[in-house]
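J.: Below is one structure. I have some questions about it.
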Amino acid sequence: MLSERPLHELSIDEIAASAGTSKALVFHYFGSRPELLRAIRAVGAKKRAEFVPELLARLGHPQLADDAERALGALGDEALPPLRDLLFAPETTLEVKREIPGVLVRLGTPEAQRALMESLLHHDPTLRRRVIASLVRVRRRHPELQLEAELLETVLAAEITGHYRSHQVLD
């Protein structure tokens with residue numbers, strides 16, 4: 001149950017039932033709902049690589065994607081290899097691929113930026129737009145990271161040209 005819905009939507013009764021305990025015992029140990037949620041989030045934020053596959057699976061669920069993105073971002077570079085694999089795997093759904101740039105922004109490492117640059121040429125225009133927006137966000141958050149400006153300018157020029165040509169065809 002805890003993995004099916006965002007944490008803030010769960011009642012104390014539901015959390016206690018998932019833990020196999022009573023509401024009274026939960027309040028005895030944690031005192032209040034905010035304290036309990038803080039404890040759950042702290043456990044969730046632990047850097048544990050074995051959680052990565054479970055978190056990656058949640059990226060494709062609209063109700064869980066934000067929480068999964070935050071948790072993957074907290075994992076740091078541990079999350080990068082499976083994220084990169086998922087981003088470039090042909091069997092990965094577009095819904096999942098479209099969430100990955102946001103996670104890479106949270107990582108904010110040179111390797112995450114490199115993964116974004118490598119995915120600039122993806123055939124899906126929505127994913128390309130998210131990758132470009134993510135590169136901008138990485139640049140704003142981490143101006144110390146070097147950006148392959150020439151490659152980015154080439155891709156942007158191709159994107160603009162393609163957009164312009166699509167309008168010519170339609171006219």
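J.: To the nearest 0.05, what FRET efficiency results for Leu151 and Arg70 with a Förster distance of 22 Å applied to their C-beta separation?
T.: 0.15
J.: Additional query: Which whole-Hz couplings ³J(HN,Hα) result when phi for each residue of the stretch 90-99 is put into the Karplus expression 6.51 cos²θ - 1.76 cosθ + 1.60, θ = phi - 60°, listed in order with x for Gly and Pro?
T.: Once rounded to whole Hz, the list reads x, 7, 6, 5, 4, 4, 6, 4, 5, 8.
J.: Give me the extension gain from Glu78 to Arg165: residue separation times 0.36 nm, minus the current Cα-Cα distance, reported in nm with one decimal.
T.: Length difference between fully extended and current span is 27.2 nm.
J.: Please turn the phi angles of the stretch 75-89 into ³J(HN,Hα) values with the Karplus equation 6.51 cos²θ - 1.76 cosθ + 1.60 (θ = phi - 60°), one per residue in order, whole Hz, x for glycine and proline.
T.: Residue by residue, the stretch 75-89 yields 6, x, 4, 4, 7, 5, x, x, 5, 4, 4, 5, 5, 9, 6 Hz.
J.: Identify which of the listed values of P(r) over Cα pairs in 10 Å bins from 0, in percent was calculated from the structure shown: (i) 11, 32, 31, 18, 8, 1; (ii) 9, 32, 27, 17, 10, 4, 1; (iii) 10, 39, 37, 12, 2, 0.
T.: The value matching this structure is (ii).
J.: Using a Gaussian network model on the chain with a 10 Å cutoff between Cα atoms, which of Leu75, Leu135, Leu36 fluctuates the most?
T.: Result for the chain, Cα springs under 10 Å: Leu36 fluctuates most.
J.: Next question, about the same structure. For the stretch 83-171, which GluC sites (Glu not before Pro) are in a loop by DSSP, counting at most 14 other Cβ atoms within 10 Å?
T.: Sparse-neighbourhood loop GluC sites (Glu not before Pro): Glu91, Glu144, Glu148.
J.: Summing -39500 (n - 2.57) over the DSSP H runs of n ≥ 4 in the chain and dividing by its residue number, what mean residue ellipticity at 222 nm do you reach, to the nearest 500 deg cm²/dmol?
T.: -20000 deg cm²/dmol
Values quoted throughout were computed directly from the atomic coordinates according to the rules given, and no laboratory measurement underlies them. Values in this document were obtained by computation on a predicted structure and should not be read as measured data. Positions of Cβ are generated from backbone atoms using ideal geometry, with glycine treated the same way; all protein chains shown enter the neighbour counts.
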